[in-house]
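Novice: Could you have a look at this structure, given as structure tokens, before my questions?
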Amino acid sequence: MAYDIEEQEKLEAIKDWWDRNGTKVIILAFLFAAAVIGWRGYQWYEQHQATKALGYYEALELAAGQDGEEAKTRVLAASEVLRKDYAKSGYTSRAILIAAQALQKQGDVQAAQAQLQWLIDHGHETAMVDMARLRLAGLYLEQKDYEQALAQLQTPSAAYKGVYADRRGDVYYALGQLEQARAEWQQAKTALSSMAYVQIVELKLDALGKE
């Protein structure tokens, strides 16, 4: 009988606890389930978006390898969709670099510059933005817009210090400022890790002759 009373007391205690906390438990369980479902839904959405972005990236890459106005139109169309709908995707920044290169190859320098400027303004990856600045500086250099070229070559990340210094040297050389070009190429030689690239810079220094 004592056992039955003890059990009854436990049941009463449980019932009393549930009366006081049951609603909270249900709400917490619901919130937890909603969070799990929401997270899985978000993961599915992100994967779905990545798959779609990849499709446009591949279409742009294919068109970039072809010549003619039709190919150029496809490059521009794919780039526009990626920039508009998938701006944060890693595929987009890489596609923009490919698009700019293809447009430059086809002689549309202004369109190439616009692609690179978009990546500079909206890119989320430091390395991709640095690459866009480097290539944009190269386009300005070809157009003899030396001021704009130098403006793109400021404060790079550590990984790009060497190649930025090399490109600044090219700009100063084009300006006829040979000592400044030498200083930049010396800096590039110190900062670069690629021996092949270092040898190219050394050839530029040799062409300048001794100080």
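The values are calculated or read from the model by the stated rules, or taken from the named source; none is laboratory data. Because the structure is predicted, anything quoted here is derived from the model rather than measured. Glycine gets a Cβ as well: all are built from the backbone with ideal geometry, and neighbour counts include every protein chain shown. SASA here: full protein model, heavy atoms, side chains in, ligands and nucleic acids out. Shrake-Rupley method; radii C 1.70, N 1.55, O 1.52, S 1.80 Å.
Novice: Of a type outside the set (Val, Ile, Thr) and closer than 18 Å to residue 138 by Cβ, is that true of residue 192?
Specialist: yes
Novice: Oh, and also: When you look at residue 103, is it of a type in the set (A, V, I, L, M, F, W, C) and under 14 Å from the mean Cα position of the chain (by Cα), yes or no?
Specialist: No; evaluated as a whole, the condition is false for this residue.
Novice: Moving to a separate point now. For segment 85-100, name all the residues that are within 10 Å of residue 60 (Cα to Cα) and open to solvent by 10 Å² or more (accessible area, probe 1.4 Å).
Specialist: Result: 98, single match.
Novice: Which residue out of 210, 189 is modelled with pLDDT under 95 and surrounded by 18 or more Cβ atoms within 10 Å (Cβ to Cβ)?
Specialist: Step by step, each of 210, 189 is checked, and only 189 is modelled with pLDDT under 95 and surrounded by 18 or more Cβ atoms within 10 Å (Cβ to Cβ).
Novice: I've got another one for you. Quick one: is residue 160 part of a helix (DSSP H, G or I) and open to solvent by 40 Å² or more (accessible area, probe 1.4 Å)?
Specialist: Here the answer is no, as residue 160 does not meet what is asked.
Novice: Continuing with this model, one more query. Tally time: how many residues in segment 113-134 are more than 26 Å from residue 71 (Cβ to Cβ) and not in a helix (DSSP H, G or I)?
Specialist: Adding up the residues that qualify gives 2.
Novice: Now for a different question. Can you tell which of 104, 110 is closer than 17 Å to residue 136 by Cβ, touching a helix residue (DSSP H, G or I) at 6+ places or on another chain (Cβ under 6 Å) and outside any loop (DSSP other than H, G, I, E, B)?
Specialist: So the residue among 104, 110 that is closer than 17 Å to residue 136 by Cβ, touching a helix residue (DSSP H, G or I) at 6+ places or on another chain (Cβ under 6 Å) and outside any loop (DSSP other than H, G, I, E, B) is 104.
Novice: Let me ask something else. Of the numbered conditions (1) among the hydroxyl-bearing types (Ser, Thr, Tyr); (2) more than 26 Å from residue 94 (Cα to Cα); (3) open to solvent by less than 20 Å² (accessible area, probe 1.4 Å), residue 172 satisfies every one except a single condition; which is it?
Specialist: It is condition (3) that residue 172 fails.
Novice: Considering only residues that are under 14 Å from residue 110 (Cβ atoms) and either surrounded by fewer than 16 Cβ atoms within 10 Å (Cβ to Cβ) or among the basic types (Lys, Arg) (or both), which ones fall in segment 66-80?
Specialist: Correct list: 72 only.
Novice: OK, next. Those residues that are more than 14 Å from residue 113 (Cβ to Cβ), free of Cβ contacts under 8 Å to residues at least 24 places away in the same chain and in a helix (DSSP H, G or I), I need them from segment 135-155; list them, please.
Specialist: 147, 150
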